[in-house]
Amino acid sequence: MTREIQVQPEQADDEIDLGKLVNVIWRGKFIVLASIIVAILFGAFHLANTRPTFQADALLQLEERSGQLALPDGMRDLLGTEPRSVTEIEVLRSRLVLGQVVAALNLDWQVSPVTAPMVGTMLARYPIPLPDMPGLRAFARPGETLELDLLAVPPRWINRALELEVTPQGYRLVTPDGDVLEGIVGDTLRREDLGFALSVSQLTAPPGRQFMITQRDELSAINRLRSNLQVSERGRSSGILEVRLTGPNRAANARILNEVIQSYLRQNIERSAAEAANSLEFIRGQLPEAERELREAEDALNRYRQQQVSVDLSFETQNLLTQIGRIEGELRDLQRQEDEIRQRYTTSHPVYRQLLDDRARLELRLAELRDDVGGLPETQREILNLTRNVEIAQGIYTRLLTRAQEVEVLRASTVGNVRIVDAAASGSSAVAPRRNLILALAIVLGAMAGIAVVLTREWLRRGLQDAAELERAGLPVFATINYSPQADLKEARKGHLPILALSDPTDLAVEAFRSLRTSLHFGMLDAKTRSITITSSHPGAGKSFTAVNLAVIAAQAGQSVCLVDADMRRGQLRRYFNLPRNQAGLAEVLSGVVDPDQALIHNILPNVSFLPTGRYPPNPSELLMRRELPELVSRLDRNFDLTIIDSPPALAVTDPIILGKASGATILIVRHDVTPMAEVLSVVRSFETANLRLSGAVLNGYDPRKAGSGYGYGYGYGYGYRYEYKSRTD
């Protein structure tokens, strides 16, 4: 044949073929399904091996602080302003509040059963039957509990576990120091020298079970409680706080959350009453001084009257006295309020500025009244001044008494500015793990993992998928032979091998061989001889399977065919005809030991003659390079209509190139989904280097159900299948 092979690189296609992608995924549906099932099993195991978490919630309302009494503005200022919700949230989560809860409920005591590795939570939740073995006896089972009434440990044992093992009489305790103590349920176990005390109130577990008891430090217990506590405001500036607590025990969640709320309410009330208490203390401190000033003013007035016998005030003077007394009393009140407000505000605060403005106005009016007093007679002026002092002192003292009573009532009636809307309650459904979400996520991740495996296998696919790839490389394809399991029997079984064209003539692969026979008939019209060398790039491509079946199909068409096994390293064609390994053949003919007619087995099948390899020689390549090879091929060409030569793989040895020079055509057998395109191109280059051209190729083992899916058939191959030299003794 004279057709030249032009190797053209395949053009890269940047576009994504969605149809092919869907087809690849559909072909791998069982892998995807298996991945989903595995993911669901992992998700179910996670659900079964995870302790459920429940949530308790409560609602609080932050009310505006308002007194029940008609207090002056200054007194209302003393009570302060309403704190923001953010501030109250931080107070609720503070150590001040949570520390009281930890102390009240002994949350710094931690009791945990010993669980089995990996599946411990599952064993503690479900009644899974396990043998009563020493290695399994310590692990927790459903319904087993341990409750404490008392736990006191020395400081060095804080955050260190005490190992408790249930015994028939009670329990055995191993301390962090390694001491072993025996105790009974209901009795207090004490070690005065260590400062240790333990009282187990309830123990529901069979002998052999083990528990770990730990006294946590207060800060870590508070932080643990805080991590499970969530506080948020419903809506914007609504003043409604939603408090949530998560944990594994529904009843304990509600109990702890109620204690958190009560602790917060107590500190809120105490904080509200503290301001009133401070004001009351200040007022009580001023009362003795006000009483003393009142007594002194009354004594001075009485003495002056006795000296002047008796003096009555005129109506005008009495009016001035009343006004001056009232204004001076207001000024004293303002001075007292200023002393209190100075502790809360700066001078630039609006409340403080208003007080200063009021005092300036009263002082101006007082100055005007005093000018009027200056025009009165001396006796009237003195009586006026003394009477005014008495009234001022009496007014101050009376106001202080009244104010003290008001603040006392206010302190006693303080209820805080927080109201419980909904008490703590725990729902019956677990909030974690979320079963539906985890199973849905497992399905999605399983599907993604399965698709990733399918697409990765497609991306890593190296084998040719169809004849078009060979055509694009410039190599004509004479036929595409469908996959047949008999093509793999040579490596899978020993002894005799069946010939597909005889054992199953209706197989689709046999029809492909008939097509190959026809293609070769017309393709070899210009060949120098009617001989064909069949080779492949690697073992397992099916060249021997192709050679023997093509020989039978050609013989059935009336041609006389000679089948030559030229693989003098691993030739296996003899197994199709039940011939022994030491049967004389090609090696002996090329060595000149045996005449071709003697080595040739005539009519081993109708119209088929066979020349085996003979004994494996130590130098097969040297034998093939002798002049006897072309002479043998010419002789066979004269005696037969078609000579088919089965050669070794072209990338393993150079024998196919030597045989190709002597024969009329060379056919490359390519295995579908197994032979990489790079190997095909390597074979083409090796023949071009020797100034030879491949006549074409045959795509073998093609399965249309797998075409384009990227799945191989598991035909392992490699050059580990060595074509080493064999001695004649083989």
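Each value in this text was obtained by applying a stated rule to the coordinates, not by laboratory testing. Remember, it's a predicted structure, so these values are computed and weren't measured experimentally. Neighbour counts run over all protein chains shown; Cβ positions are idealised from the backbone, glycine included.
What's the extension gain from Ala468 to Arg581 if we count 0.36 nm per residue and subtract their Cα-Cα distance?
36.7 nm
Please sort 657-666, 168-177 by packing, taking for each peptide the average over its residues of neighbouring beta carbons within 10 angstrom, highest first.
Averaged packing, sorted descending, gives the order 657-666, 168-177.
Where in the stretch 209-239 does the amide nitrogen come within less than 20 Å of the point 7 Å from the Cα of Val185, taken along Cα to Cβ?
Correct set: 209-214.
Run the numbers on the stretch 109-215 and let me know its relative contact order in percent, using alpha-carbon pairs under 8 Å that are six or more apart.
Values: 216 pairs, mean separation 39.4, N = 107.
Relative contact order, the stretch 109-215: 37 percent.
Cβ neighbours within 10 Å, averaged per peptide: list 118-131, 545-558 in order, most packed at the top.
Those peptides, ordered most packed to least, come out 545-558, 118-131.
With a/c under 1.5 counting as rounded, go ahead and sort the stretch 109-215 into rounded, prolate or oblate using the C-alpha gyration tensor (a ≥ b ≥ c being the square roots of the eigenvalues; past the cut-off, prolate if a/b is larger than b/c, else oblate).
On the way: a/c = 2.10, a/b = 1.81, b/c = 1.16.
Prolate, because a/c is 1.5 or more and a/b exceeds b/c.
Where in the stretch 419-445 does the amide nitrogen come within less than 19 Å of the point 7 Å from the Cα of Val38, taken along Cα to Cβ?
439-445
What FRET efficiency comes out for the pair Leu18/Ser428, r = Cβ-Cβ distance, R0 = 45 Å, nearest 0.05?
It comes out at approximately 0.40.
So, R0 is 22 Å and r is the distance between the beta-carbons of Glu289 and Leu364; what FRET efficiency does that work out to, to 0.05?
Once rounded, the FRET efficiency stands at 0.20.
Run through the DSSP bridge list for the stretch 476-702 and note the antiparallel percent, rounded to the nearest 5.
5
Using +1 on the beta carbon of Lys and Arg, -1 on that of Asp and Glu, and nothing else charged, what's the dipole of the stretch 109-215 about the Cα centre, debye to 20?
340
Apply the Karplus curve 6.51 cos²θ - 1.76 cosθ + 1.60, θ = phi - 60°, to the phi angles in the stretch 680-691 and return the couplings in whole Hz, x for Gly and Pro.
4, 5, 5, 5, 4, 5, 5, 6, 5, 4, 8, 6
Taking a ≥ b ≥ c as the square roots of the Cα gyration tensor eigenvalues, with a/c under 1.5 meaning rounded and otherwise prolate when a/b beats b/c, else oblate, which class fits the stretch 476-702?
Here the stretch 476-702 falls in the rounded category.
Can you run phi through the Karplus equation (6.51, -1.76, 1.60; θ = phi - 60°) for the stretch 535-547 and list ³J(HN,Hα) in whole Hz, with x for Gly and Pro?
Each residue of the stretch 535-547 in turn: 9, 8, 7, 8, x, x, 6, x, 6, 5, 4, 5, 5 Hz.
May I ask you to evaluate 6.51 cos²θ - 1.76 cosθ + 1.60, the Karplus curve with θ = phi - 60°, for each residue of the stretch 330-338 and list the ³J(HN,Hα) values in order in whole Hz, giving x for glycine and proline?
Per-residue couplings from phi come out as 5, 5, 5, 4, 5, 5, 5, 5, 5 Hz.
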